[in-house]
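Notes follow once the structure below has been shown.
Values quoted throughout were computed directly from the atomic coordinates according to the rules given, and no laboratory measurement underlies them. The shown structure was predicted, so the numbers you read here are calculated from the model rather than taken from an experiment. Here the Cβ positions follow ideal geometry from the backbone for every residue, glycine too, while neighbour counts run over all protein chains shown.
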Amino acid sequence: MSSHTTVIVDWRGPFSYQEIEQNSDWGNGLYLATGKLKYEREATIQYCGITEGSFHGRFKNHHKVHEINRQQEFWIGEINYPNDASRHFLEMAESIIIYFWQPELNEKKKISIPKPITLISKWFKKDSTPRYRQHTMCKELDDVLSFDGESWRTGNLQVWEE
């Protein structure tokens, strides 16, 4: 039995590029770039990535994000657990999202089966209040993605107030 990692990500958004630019101190996390590419009818998650620096710095000269030419928005994800999340945990979370979701603009990690991991995504509005319903852009990306090395498990979480 191999070891199994659990990562919890708090996602906030969607933000425009200008909003990310104005908050240049935001950084060290995952991001989803959404929108439409040329000839596409529906906006979708186009790219998943990570940065240890600022999100603004990462997007400024990004090799792929500029290809999203309509309805471009960003979701930024902060690792909530484990508390001392190093690049290793960012990469594990990124790997399971890319492998499972297969975003159009990601080239690497689409064919590499992820290491055993359970990724829990919690979704928030820009002001950090919980989202009670999935944003249409991310509704196809389950809140819980779990891969034990052989089997996948997926599902969504319900948000309850006390």
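Over the residues of the chain, compute the C-alpha Rg and express it relative to 2.2 N^0.38 Å. Please list the in-between numbers first.
On the way: Rg = 15.1 Å, N = 162, 2.2 N^0.38 = 15.2 Å.
That ratio works out to 1.00.
Starting from the amide H of Gln46, placed 1.01 Å from N in the peptide plane, find each other amide H under 5 Å away whose residue is 5 or more places distant or on another chain.
The list, which skips near neighbours in sequence, is Ala33, Thr34, Gly35.
Apply the Karplus curve 6.51 cos²θ - 1.76 cosθ + 1.60, θ = phi - 60°, to the phi angles in the range 111-118 and return the couplings in whole Hz, x for Gly and Pro.
Couplings: 10, 7, 4, x, 5, x, 7, 10 Hz.
Can you give me the long-range amide H partners of Thr5? Hydrogens built in the peptide plane at 1.01 Å from N, cutoff under 5 Å, separation of 5 or more residues or another chain.
Distant-sequence amide H within range of Thr5: Ile117, Thr118.
What ranking, highest mean first, results for peptides 16-26, 135-145 when packing means the other Cβ atoms within 10 Å averaged over each residue? Walk me through the intermediate numbers first.
Numbers: 16-26: 13.7, 135-145: 16.8.
Result, highest mean Cβ count within 10 Å first: 135-145, 16-26.
Which is farthest toward the positive dipole end of the range 5-155 among Leu30, Tyr81, Phe100, measuring Cα position about the Cα centre, with Cβ charges +1 (Lys, Arg) and -1 (Asp, Glu)?
Phe100
Along the charge dipole of the chain, Cβ charges K/R +1 and D/E -1, which of His4, His63, Ser121 sits furthest on the positive end?
His63
For the pairs Lys64/Lys108; Lys60/Lys115; Lys38/Lys122; Lys38/Lys64; Lys64/Lys122; Lys36/Lys64, flag any whose C-alpha to C-alpha distance is greater than 20 Å. Walk me through the numbers on the way to the answer.
Working: Lys64/Lys108 12 Å; Lys60/Lys115 31 Å; Lys38/Lys122 30 Å; Lys38/Lys64 13 Å; Lys64/Lys122 26 Å; Lys36/Lys64 13 Å.
Violating the 20 Å Cα-Cα cut-off are Lys60/Lys115; Lys38/Lys122; Lys64/Lys122.
Could you give each residue of the range 89-101 its phi-based ³J(HN,Hα) in whole Hz, using Karplus coefficients 6.51, -1.76, 1.60 with θ = phi - 60°, and x for Gly or Pro?
The phi angles translate into 6, 4, 5, 5, 5, 4, 4, 6, 5, 5, 5, 6, 8 Hz.
Can you list residues whose amide H is under 5 Å from Ser121's amide H, if they're 5+ apart or on another chain and H is modeled 1.01 Å from N?
For Ser121, the qualifying residues are Val9, Val144, Leu145.
Normalised by the number of residues in the range 5-155, what is the relative contact order in percent for Cα pairs under 8 Å and 6+ residues apart? Walk me through the intermediate numbers first.
Numbers: 296 pairs, mean separation 45.6, N = 151.
This gives 30 percent for the range 5-155.
Which whole-Hz couplings ³J(HN,Hα) result when phi for each residue of the range 139-147 is put into the Karplus expression 6.51 cos²θ - 1.76 cosθ + 1.60, θ = phi - 60°, listed in order with x for Gly and Pro?
Values per residue, Gly and Pro as x: 5, 7, 8, 4, 5, 10, 10, 10, 10 Hz.
For the range 63-135, build the convex hull from the C-alpha positions and give me its volume per residue in Å³.
Values: hull volume 9.7 nm³, N = 73.
Per residue, the Cα convex hull of the range 63-135 comes to 132 Å³.
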